[in-house]
Amino acid sequence: MGAHFKSMFVVDTFISPSKELAILTRKSVETPTSIGLLRPATESYADLSRWTHRFHESSIPFIYEKLLSGEYDSGLVYLEYASQHPDLFRIDEVIGSPDDAWIVYGRERTYRDRVLAWPDSPVVEQFRRLEKRDAA
């Protein structure tokens, strides 16, 4: 939000799964040295020590385009890309599906004088179960 905090407000949030991620490498490259990453999000998803050159992009599709064109040996991208070009890529590591947290902004606040929360959210139920377990 930065400089717009007086005119833009958080009005909602939601959580969703991401697509499955993986490190794909071009089959023509025996020992990859370059990898495309979504910065800063995917930096810590895998041990990247075997790649001497790390390149940061603003989106996974951009990484994929550069992997396809041969600019990168490897890329941390959607796993589904491997099946689109099984002749070009091997799967070096399946990362899995991280949760994506989304923040929705609007021009009017949705809360006034108190915290706006979902009283029956899934996490509330988890807390209640833990509380009962700890009380026993």
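Could you tell me whether THR13 is in contact with an Asp or Glu (Cβ under 7 Å, 6 or more places away or on another chain) and surrounded by fewer than 16 Cβ atoms within 10 Å (Cβ to Cβ)? So THR13 does not fit the description; no. Within the range 66-77, residues that are closer than 12 Å to THR25 by Cβ have Cβ atoms under 7 Å from residues that are assigned to a loop (DSSP other than H, G, I, E, B) in these pairs: ASP73/VAL29; ASP73/PRO32; ASP73/THR33; SER74/PRO32; SER74/TRP51; LEU76/THR42; LEU76/TYR45; LEU76/ALA46, counting only partners at least 6 apart in sequence or on another chain. Filtering the range 102-136 to residues that are touching a residue at least 40 places away in the same chain (Cβ under 8 Å) and either surrounded by 10 or more Cβ atoms within 10 Å (Cβ to Cβ) or more than 30 Å from LYS6 (Cβ to Cβ) (or both) leaves ILE103, VAL104, TYR105, GLY106, ARG109, THR110. Checking each residue in the range 28-46 for being at pLDDT 95 or above and out of contact with any strand residue (DSSP E or B) (no Cβ under 8 Å at 6 or more places or on another chain) picks out SER28, GLU30, THR31. When you check LYS66 against the structure, is it among the basic types (Lys, Arg) and more than 15 Å from the chain's Cα centre (by Cα), yes or no? Taking the combined requirement at face value, the residue satisfies it.
Listed by position, the strands (runs of 3 or more DSSP E) enclosed by the range 1-49 that each have at least 3 residues that are more than 24 Å from PRO61 (Cβ to Cβ) are 9-17. Scanning the range 22-49 for residues that are basic (Lys, Arg) and touching a Pro at 6+ places or on another chain (Cβ under 8 Å) yields a single hit, ARG26. Reported count of residues in the range 26-38, each being among the β-branched types (Val, Ile, Thr) and surrounded by 23 or more Cβ atoms within 10 Å (Cβ to Cβ), is 1.
The values are calculated or read from the model by the stated rules, or taken from the named source; none is laboratory data. Owing to the predicted nature of the structure, the values given are computational and were not obtained by experimental measurement. Here the Cβ is made from the backbone with ideal geometry for all residues, glycine too, and neighbour counts use every protein chain on show.
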